[in-house]
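The values are calculated or read from the model by the stated rules, or taken from the named source; none is laboratory data. Because the structure is predicted, anything quoted here is derived from the model rather than measured. Ideal geometry is used to build each Cβ from the backbone, glycine not excepted, and the neighbour counts take in all protein chains shown.
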Amino acid sequence: MDFEVGAILVGKISGITKFGAFVTIASGKSGLVHISEIASTYVSDVKDHLAEGQEVTVKVIGIDQSGRMNLSIKAATSAPADEPQSRPQQRPQQRPQQTRPQQPRQNDSVSEPTFEDKLKRFMQDSDSKMSGHKQYSDKKGSRRRGR
């Protein structure tokens, strides 16, 4: 049975790797769900979201020349027509929010650190690491010269 891109199928997780999960479809054919296609949120470990033998609904998002199927759980659970429309609408709403943290500076203990605070902390950490590396390399170099 040949599958086409866009088909929604039901299968079982047959194997889990650090980069995704293999799903076996009823016909015995299998495909890979990449870690980025498991959920709409960040997935650090596949085993946190899936288990071997679990039944999942997947969507065929690609078939390569060798006949291997690329599958997506995320695309099968969300409406594909809504996805492109929702992304551009969310981006303009997020841009004004990025400039708002400057207004509630009166109550710094509650608000998140500003970009300047984060930059200052990064520069301090960087300077301390660089001085540590310099001290180590100076000690290492002086031992070699003294011999």
* Among the residues of region 8-22, which ones are in contact (Cβ under 8 Å) with a residue 40 or more places away in the chain and surrounded by fewer than 15 Cβ atoms within 10 Å (Cβ to Cβ)? -> ILE8, VAL10
* Answer with yes or no whether PRO104 is at pLDDT below 80, surrounded by 10 or more Cβ atoms within 10 Å (Cβ to Cβ) and in a loop (DSSP other than H, G, I, E, B). => no
* To do: Could you please tell me which pairs satisfy a Cβ distance under 6 Å, a separation of 6+ or placement on different chains, a first residue in region 38-54 that is in contact (Cβ under 8 Å) with a residue 24 or more places away in the chain, and a second residue that is surrounded by 14 or more Cβ atoms within 10 Å (Cβ to Cβ) and small (Gly, Ala, Ser)?
  => VAL46/ALA21; LEU50/ALA21
